[in-house]
Amino acid sequence: MNLLVFGGTGRTGQVVTQSARTAGHTILAPTHADCNLRDTDRVSDLVLASGAETVINCAAVSSLETCLDDPLSAHLINAVAPAAMALACRHTGARFIHLSTDYVLDGRRPGKKSESSKCKPANIYGESKREGELQVLEALPGALIARVSWICGNPRKPSFVESTLAKALAGQPVAAIADKDSMPTDAADIARILLHLGSDPEGRSLSGIVQLCSTGEPQSWHSCALIALRHAVELGALPSLPALAEQKLAQATFFRDARPAHTAMEYSPRLAALGLTMPDAVTCLRRVTERYLAAKCCQSAQ
């Protein structure tokens, strides 16, 4: 498969490109220097000239505070650029897969959200990503939008999980918010399913919005950290379980834009019907912990 990946240097994009190369696919992964996503003409030209059979967009302005400070860039990169990619794919016939986020959902009430649940973003980031969903499907109704959440598992681009482990290993205090939940999801699992959806004939026929996340029970940042730290103790990386302070979302004054409290998603039944399985959140976190500790061990040995 000839594959074009936007955002190939990001947390998910790195894993997608690495997994694709391992699988023998031909990859084009332009950097920001190669293609400024604010330049929609350049975005379109790149897709048209690439010869790609599948285009996957992992690129986004994902920092909520960056979106708050520069809403125009958030709009251009999270909504306008993906629409340009979709329209170009409409002309070439390429498969287009766009990554979105659980932050488009209405996160006021606890409980897992289905693919038909109400969207009511709480911040500019979520608004721009929801706009991107709508613009992509308008430009290319056959596109696939995969909503993902709390991506972890890339030691080169640490998430909250890896950052907590790093602090604990360094003997620093650790704390986490306990009243906000979602579904932690391993970037490796996302890459596995995206590549299947881009190359398998049955997978390529899937369109619209799917929720691509771990299964099982929702987890808070606090419970994610606790699972990871406990597993690090089991593996002998930590001598004992460190104290993990509980924080409240309302007390997180270091956030300048609102975070939705409850955006845990149900794993897509349409993906499950294709035989595409995802681990439960606890298994995901244990695997992510093992991968991070293995990467740390390799670094220490060098």
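Being surrounded by fewer than 23 Cβ atoms within 10 Å (Cβ to Cβ) and under 25 Å from G111 (Cβ atoms) is the filter here; which residues of region 190-209 pass it? Full working, then the answer.
Of region 190-209, the ones surrounded by fewer than 23 Cβ atoms within 10 Å (Cβ to Cβ) are 192-193, 195-196, 199-209.
Within region 190-209, I193, G208, I209 meet the criteria.
In region 85-113, how many residues are surrounded by fewer than 19 Cβ atoms within 10 Å (Cβ to Cβ) and under 20 Å from G203 (Cα atoms)? Before you say what the answer is, go through the steps one by one.
Step one: filter region 85-113 for residues surrounded by fewer than 19 Cβ atoms within 10 Å (Cβ to Cβ), giving 90-93, 106, 108-111.
Among the residues that remain, those that are also under 20 Å from G203 (Cα atoms) are: 90, 92-93.
Total meeting the criteria: 3.
Hey, among the residues in region 7-25 that are of a type in the set (S, T, N, Q), out of contact with any helix residue (DSSP H, G or I) (no Cβ under 6 Å at 6 or more places or on another chain) and not in a loop (DSSP other than H, G, I, E, B), which one's surrounded by the most Cβ atoms within 10 Å (Cβ to Cβ)? Let's see the steps before the verdict.
Let us first name the residues in region 7-25 that are of a type in the set (S, T, N, Q), namely 9, 12, 14, 17-19, 22.
The next check asks that each one be out of contact with any helix residue (DSSP H, G or I) (no Cβ under 6 Å at 6 or more places or on another chain); those that pass are 9, 14, 17-18, 22.
Right, trim to not in a loop (DSSP other than H, G, I, E, B) and you get 14, 17-18, 22.
On the way: Q14: 20, T17: 23, Q18: 18, T22: 10.
Only one residue tops the list, namely T17.
Of the residues L226, L249, which is modelled with pLDDT of 95 or more, closer than 15 Å to I177 by Cβ and surrounded by 15 or more Cβ atoms within 10 Å (Cβ to Cβ)? Spell out the reasoning first.
Values: L249 fails: modelled with pLDDT of 95 or more.
Just one listed residue meets the conditions, L226.
Identify, please: which residue in region 199-223 is hydroxyl-bearing (S, T, Y) and at pLDDT below 95 and is, among those, farthest from F160 (Cα to Cα)?
S205
Residues that are touching a Leu at 6+ places or on another chain (Cβ under 6 Å), outside any loop (DSSP other than H, G, I, E, B) and either buried (at least 19 other Cβ atoms within 10 Å of the Cβ) or in contact (Cβ under 8 Å) with a residue 40 or more places away in the chain (or both): does region 151-167 have at least one? Walk me through how you get there before you give the answer.
Residues of region 151-167 touching a Leu at 6+ places or on another chain (Cβ under 6 Å): none.
Looking through region 151-167, none of the residues is touching a Leu at 6+ places or on another chain (Cβ under 6 Å), outside any loop (DSSP other than H, G, I, E, B) and either buried (at least 19 other Cβ atoms within 10 Å of the Cβ) or in contact (Cβ under 8 Å) with a residue 40 or more places away in the chain (or both).
Among the residues of region 28-58, how many are out of contact with any Cys (no Cβ under 8 Å at 6 or more places or on another chain) and crowded, with 17+ Cβ neighbours inside 10 Å?
Going residue by residue through region 28-58, those that are out of contact with any Cys (no Cβ under 8 Å at 6 or more places or on another chain) are 28-41, 44-45, 48-54, 56-58.
This time we only want the ones that are crowded, with 17+ Cβ neighbours inside 10 Å, so: 28-30, 35, 37, 40, 44, 50, 52-54, 56-58.
Going through region 28-58 one residue at a time, the tally reaches 14.
Scan region 127-148 for residues that are among the small types (G, A, S) and buried (at least 21 other Cβ atoms within 10 Å of the Cβ) and jot them down.
Step one: of region 127-148, the residues among the small types (G, A, S) are 128, 132, 139, 142-143, 146.
Of everything in region 127-148, those that are among the small types (G, A, S) and buried (at least 21 other Cβ atoms within 10 Å of the Cβ) turn out to be S128, G132, A143, A146.
Hey, G236 hits all of (1) free of Cβ contacts under 8 Å to residues at least 24 places away in the same chain; (2) under 22 Å from D102 (Cα atoms) but one; which does it fall short on?
(2)
Within region 59-73, take every residue that is closer than 15 Å to E131 by Cα and of a type outside the set (G, A, S) and give me the one that is surrounded by the most Cβ atoms within 10 Å (Cβ to Cβ).
So, considering only residues that are closer than 15 Å to E131 by Cα and of a type outside the set (G, A, S), the one surrounded by the most Cβ atoms within 10 Å (Cβ to Cβ) is C67.
Being of a type outside the set (S, T, N, Q), modelled with pLDDT of 95 or more and closer than 18 Å to E115 by Cα is true for just one of A232, A264, A191, A187. Which residue is that?
Numbers: A232 fails: closer than 18 Å to E115 by Cα; A191 fails: closer than 18 Å to E115 by Cα; A187 fails: closer than 18 Å to E115 by Cα.
Checking each option against the conditions leaves just A264.
The values are calculated or read from the model by the stated rules, or taken from the named source; none is laboratory data. Just so you know, these numbers come straight off a predicted model, no measurement behind them. Note: ideal-geometry Cβ built from the backbone for every residue, glycine included; neighbour counts use all protein chains shown.
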